[in-house]
Amino acid sequence: MTHPTTAFCPETCRRVAEFTRGRLRTSSWPSLTIPTYDRFIEPILRYLAKHPEGALARDAHEAAANALRLDAYQRAQVLPSGKQAIYKNRAGWAHDRLKRAGLSESTRRGLWALTDRGRAYVRSMRRRSPTTRWRRSPPETRTSF
């Protein structure tokens, strides 16, 4: 079995060659960075809110990746151990933070669901204006030093 990232090697090699010849702008490169786990929290929370009976972790991983618009290259990147995709690991950490906040739970292995507190949080966020972020508002800025 080949490593998931080897499928991208010929394309990457071509892009490197074109870039070094000055034919390719850096903006046309695929985004190499995967968002940190905190960026996965909102998409997972939204996905679980749409599935009150609970959702499979793998489906939540994919929904978060779709919401964050991760491309195939980003989804193929694995941890240094080579055992798990980075985006799935970060989605797992995001769910861990939701559990620690009491907003989510694992009803059984691989099945995630919102708690009553999590559903109440989602309802309170829906009542706010559409421009309001799901995260807590930042602390007020200091006007004096």
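The values are calculated or read from the model by the stated rules, or taken from the named source; none is laboratory data. Note that the structure is predicted; figures quoted are calculated from it, not measured. No Cβ is skipped: glycine too gets one built from the backbone with ideal geometry, and neighbour counts run over all protein chains shown.
So is GLY82 among the small types (Gly, Ala, Ser), under 30 Å from SER124 (Cβ atoms) and at pLDDT 90 or above or not? I'd like the intermediate steps shown before the answer.
On the way: among the small types (Gly, Ala, Ser): yes; under 30 Å from SER124 (Cβ atoms): no; at pLDDT 90 or above: yes.
Spelling it out, it is not the case that GLY82 is among the small types (Gly, Ala, Ser), under 30 Å from SER124 (Cβ atoms) and at pLDDT 90 or above.
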- Would you check which residues across the stretch 86-102 are in contact (Cβ under 8 Å) with a residue 24 or more places away in the chain and either within 21 Å of GLY118 (Cα to Cα) or hydrophobic (A, V, I, L, M, F, W, C) (or both) and list them? ILE86, ARG90, ALA91, GLY92, TRP93, ALA94, HIS95, ARG97, LEU98
- Note on the structure: (1) farther than 23 Å from ARG123 by Cα; (2) not in a helix (DSSP H, G or I) all hold for LYS88 apart from (2)
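Considering each of ALA101, ALA113, ALA72 in turn, give the residue that is touching a helix residue (DSSP H, G or I) at 6+ places or on another chain (Cβ under 9 Å), over 26 Å from GLU53 (Cβ atoms) and not basic (Lys, Arg). Full working, then the answer.
On the way: ALA101 fails: over 26 Å from GLU53 (Cβ atoms); ALA113 fails: over 26 Å from GLU53 (Cβ atoms).
None of the others qualify; the one that does is ALA72.
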